[in-house]
Amino acid sequence: MPIQPKAKYGVIGNPVGHSRSPLIHRAFAEQTGIALEYTAILAPLDGFVSAVSQFRIAGGRGLNVTVPFKAEAFALCQKRSERAQRAGAVNTLIFPADVRGDVFGDNTDGVGLLRDLAFHHIPLQGKKILLLGAGGASRGVLAPLLAEHPACLLIANRREKTATALTADFIDLAHNTQLQACALNDIPAEPFDLIINATSASLSDEHLPLPDSLIATNTVVYDMAYGNQPTIFMRWASAHGARAIDGLGMLVEQAAESFYLWHGVRPETQTVRPILRCR
Ligand code: ATR
């Protein structure tokens, strides 16, 4: 019998060389016994659509999408999940076997964050949350955060207008939550239970000018970014006594959800986390 080629999957971005997604998906494939090929694809900044179409022609069946293409991926889809529609961004593309068939887009970032917060035993219901940033990353996690009914969710952004627009888009989901917006340099100087950094400042190692009084004894800070060392934001929080967590767990959990969408099997994530820490 001829050997069937492995189904093709990958992560597409620019830059993409640093991505740990290939490592994660290969670990999931090994764990579940599913034969697949998963590679990192560097698309030119002005060449996302043609890189996707080349991948499909070569037999690709699914892509994870990372910076800066999540909005373009959203636009490329003929069909989208409700959570992708809400987020206005797509991080998971599913291609049918027929290259002319409809592309389906989903967004697993919000689920990824919520599962990682649960993994770290961080409660959200009735809590005071500060969300830093009002870009695609914040948009992707707002609906699942609000579904946990925090008492207050304040979105703070460098450009206040973007944060205000975001609250307007999600106010219908804020049933038991005081959803508010402010400028990054205008955050009330009082402690929060959870501070989530969804800005891209950590990627360029930029310090966010935040008052130290945002942190109290029980404050947890969560940086969606990750690296070999704690980010500058995590270092600031730790220095003031907060528990600081990076976004590697969120990456693993969103990957598990994408894997489930593609293969119908939910991989176990706990054993994959330590593998990534060793790299
Ligand atoms: P992503 O998809 O990662 O969210 P994005 O949509 O470009 O990327 O959004 C980046 C977010 O990080 C924005 O909220 C941006 O603030 P502005 O809207 O004011 O530009 C925020 N951001 C990026 N660099 C920052 C910095 N050095 N200080 C504060 N906020 C920063």
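Tabulated data for the structure shown
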| quantity | calculated |
| --- | --- |
| Most fluctuating residue given options 128, 161, 70, as computed from a GNM of the chain linking Cα atoms under 10 Å | 161 |
| Estimated dipole of the range 118-277 in Debye, rounded to 20 [Cβ of Lys and Arg +1, of Asp and Glu -1, Cα centre] | 140 |
| Distance in nm between pseudo-label sites at residue 275 and residue 57 (7 Å out along the Cβ direction from Cα) | 3.3 |
| Gain in span if fully extended, residue 30 to residue 75, counting 0.36 nm per residue against the direct Cα distance | 12.9 nm |
| Unsatisfied cross-links (Cα-Cα over 31 Å) in the set 6/70; 79/127; 79/128 | 79/127; 79/128 |
| Residues listed by number, the range 214-241, amide nitrogen under 15 Å from residue 207 label point at 7 Å toward C-beta | 231-240 |
| Least to most buried among 179, 145 (fewest other Cβ within 10 Å first) | 179, 145 |
| Least to most buried among 122, 129 (fewest other Cβ within 10 Å first) | 122, 129 |
| Ellipticity estimate at 222 nm from DSSP helix runs (n ≥ 4, -39,500 (n - 2.57)) divided over the chain, nearest 500 | -10000 deg cm²/dmol |
| Histogram of C-alpha separations across the chain, 10 Å bin width, % | 7, 29, 35, 21, 7, 1, 0 |
| Using alpha-carbon coordinates, inclination of helix 109-119 to the longest axis of the chain, degrees | 60 |
| Cα gyration tensor, the range 148-279 - rounded (a/c under 1.5), prolate or oblate | oblate |
| Cβ-based charge dipole, the chain, positive-most Cα from 108, 39, 184 | 39 |
| Distance in nm between pseudo-label sites at residue 168 and residue 83 (7 Å out along the Cβ direction from Cα) | 2.7 |
| Per-pair calculated FRET efficiency, R0 = 25 Å: residue 122 and residue 189 via Cβ, rounded to 0.05 | 0.65 |
| Separation in nanometres of the label points that stand 7 Å from Cα toward Cβ, at residue 228 and residue 98 | 4.9 |
| Given charges at beta-carbon only (K, R positive; D, E negative), |dipole| of the chain in Debye | 580 |
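Laboratory data are not the source of any read-out in this text; all were calculated from the coordinates shown. Quick caveat, the model's predicted, so the values are computed rather than measured. A quick note on method: Cβ atoms are made from the backbone with ideal geometry, for glycine too, and the neighbour counts reach across all protein chains shown.
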